[in-house]
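S.K.: Below you will find the structure I want to go over with you.
Values quoted throughout were computed directly from the atomic coordinates according to the rules given, and no laboratory measurement underlies them. Given the structure is predicted, the values throughout are model-derived calculations rather than measurements. Cβ coordinates were reconstructed from backbone atoms using ideal geometry, including for glycine residues, and neighbour counts include every protein chain displayed.
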Amino acid sequence: MQLTSKAIRFLRSMAHTLKPVVIIGGNGITAGVIKELDSALAHHELIKIKVNAGDRAARQAMIEDLCAQTAAAHVQSIGHIAVLYRPAKKPVITLPSASAN
């Protein structure tokens with residue numbers, strides 16, 4: 001899923017006050033983690049996750065894998081926290097259009 005820069009700015013502002021709802025621990029990405037992440041995205045659309053991986057490259061690889069497995073868009077990463085977005089079947093969050101000022 002590709003997001004426009006305007007949509008990314010909008011989602012980043014919405015995610016500012018959120019707390020992480022899924023934490024990826026020492027076991028890494030498991031089927032249970034994917035199921036929980038999928039459920040959280042279906043319910044909330046915009047979520048923060050905490051990825052406890054040793055180095056930046058490992059964290060980024062895990063985030064990309066999670067996005068691929070859940071069809072979510074990666075909005076932002078700061079340290080161990082990542083923000084993911086996936087619209088629900090009946091979207092609650094309305095993204096700004098690219099042509100709107």
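S.K.: Residue by residue through region 4-13, which ³J(HN,Hα) values in whole Hz follow from phi under the Karplus form 6.51 cos²θ - 1.76 cosθ + 1.60 (θ = phi - 60°), with glycine and proline marked x?
M.R.: Once θ is set to phi - 60°, the couplings for region 4-13 become 6, 5, 5, 5, 4, 4, 4, 5, 4, 5 Hz.
S.K.: Angle check, please: helix 31-44 long axis (alpha carbons) against the longest principal axis of the chain (alpha carbons), in degrees 0 to 90, nearest 10.
M.R.: That helix lies at roughly 20 degrees to the long axis.
S.K.: Then there's this: Output needed for the chain: three equivalent-ellipsoid semi-axes, defined as square roots of 5 times the C-alpha gyration tensor eigenvalues, in descending order, whole Å.
M.R.: Working: eigenvalues 107, 44, 26 Å².
Each semi-axis is √(5λ); the values are 23, 15, 11 Å.
S.K.: Would you mind working out the magnitude of the charge dipole of the chain relative to its Cα centre, with +1 at each Lys and Arg C-beta and -1 at each Asp and Glu C-beta, to the nearest 20 Debye? The partial results should precede the final answer.
M.R.: Values: 12 positive and 6 negative charges, 66 e Å.
Dipole about the Cα centre, nearest 20: 320 debye.
S.K.: Calculate the FRET efficiency for ASP55 and SER13 from the Cβ-Cβ distance with a Förster distance of 35 Å, rounded to the nearest 0.05.
M.R.: Values: r = 29 Å, r/R0 = 0.83.
E between ASP55 and SER13, to the nearest 0.05, is 0.75.
S.K.: Just name one of ALA68, ILE24, MET1: the one whose Cα is farthest towards the positive end of the charge dipole of the chain (beta-carbon charges, Lys/Arg +1, Asp/Glu -1).
M.R.: Highest projection toward the positive end goes to MET1.
S.K.: Which ordering of MET1, MET62 is given by a fewest-first count of other beta-carbon atoms within 10 Å?
M.R.: Details: MET1 10, MET62 19.
So the residues, fewest neighbours to most, are MET1, MET62.
S.K.: Output ³J(HN,Hα) for region 54-64: one whole-Hz value per residue in order, computed from phi by the Karplus curve 6.51 cos²θ - 1.76 cosθ + 1.60 with θ = phi - 60°, and x for Gly and Pro.
M.R.: Going residue by residue, I get x, 10, 4, 5, 5, 4, 5, 5, 5, 5, 5 Hz, with x marking Gly and Pro.
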